[in-house]
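Remarks on the structure that follows.
The values are calculated or read from the model by the stated rules, or taken from the named source; none is laboratory data. Model, not experiment: these values are computed from the prediction. Neighbour counts are summed over all protein chains in view; Cβ atoms, including those assigned to glycine, are modelled from backbone coordinates with ideal geometry. Calculation scope for accessible area: heavy atoms of the full protein, side chains included, ligands and nucleic acids excluded. Shrake-Rupley method; radii C 1.70, N 1.55, O 1.52, S 1.80 Å.
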Amino acid sequence: MNAFNYSFKKSPMTVQIIHGIFFGLLNLLINSIAVGILKIPFYMDTIFTVAAGFISLPCGLTCAIVYHLSEVIIKYQAMVPSWFGLCSVTVAVISWLFARKEKEFSILKLMFLSILLIILISAEGGIIYDVFYASKSDYVEDQANNLFTFSLIMNKIPLLWSSIISRIPVSIVDKTVAVFGGFFIAKFFNENHR
């Protein structure tokens, strides 16, 4: 796939919000299947956030908020703060900024966005874990991530750096799938829905 020109059309605000709600619920579905049913060690919760961010900032932010509100209500049956929702907001904003800046997309540019999100979200997720969750005995991340984090800590790497580094392998797959999948989903919706 060589570079190709593409620009996302602007939809009315209500349509952007409706798409954001729909995409947020689709993120919840994909995450539930990937993590809950298939037990794969990837979050798969930002594919539609990237797509929504490509479409518009209100669509991306709505998607991020709907996904995390739905997740905490279903997972915890209560309104508890999910600080990891900040990662989804970051994904939406960065995707929107990227789509707004770019008028020509290529595999190389989408890979650049993937790498940027891998670094940003690994760092942001590690900081959030260190600040809000590491001291809570009742909070357990997925076992693979916990094992990697604790093995780094046992090798004298501080908790913050261990939390960041342990997220990178998952983010490499997760964010690359999210960027490429999200781009093509957004392109499809942009061409087929108003």
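At-a-glance table
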| item | result |
| --- | --- |
| Förster radius 25 Å - calculated FRET efficiency between ILE74 and LEU38, Cβ distance, rounded to 0.05 | 0.90 |
| Listed residues PHE84, SER106, SER95: farthest to the positive end of the dipole of region 56-130 (Cβ charges) | SER106 |
| Against the rule of thumb 2.2 N^0.38 Å, how large the Cα Rg of the chain comes out | 1.03 |
| Most to least packed among 165-174, 97-106 [average Cβ atoms within 10 Å] | 165-174, 97-106 |
| Protein accessible area in the chain, 1.4 Å probe - carbon and sulfur % | 72 percent |
| Mean residue ellipticity (222 nm) of the chain, computed from DSSP H runs ≥ 4 via -39,500 (n - 2.57), nearest 500 | -23500 deg cm²/dmol |
| Solvent-accessible area per residue for the chain (1.4 angstrom probe, square angstrom) | 52 Å² |
| For the chain, built as a Gaussian network whose Cα springs stay under 10 Å, the top-fluctuating residue of PHE42, PHE180, PHE112 | PHE112 |
| Residue-wise HN-Hα coupling along region 93-106, computed from phi with Karplus coefficients 6.51, -1.76, 1.60 (Hz; x: Gly, Pro) | 5, 5, 4, 5, 4, 5, 5, 5, 7, 8, 10, 10, 10, 8 |
| Restraint check, LYS9/LYS187; LYS9/LYS101; LYS109/LYS175; LYS136/LYS175, Cα-Cα greater than 19 Å | LYS136/LYS175 |
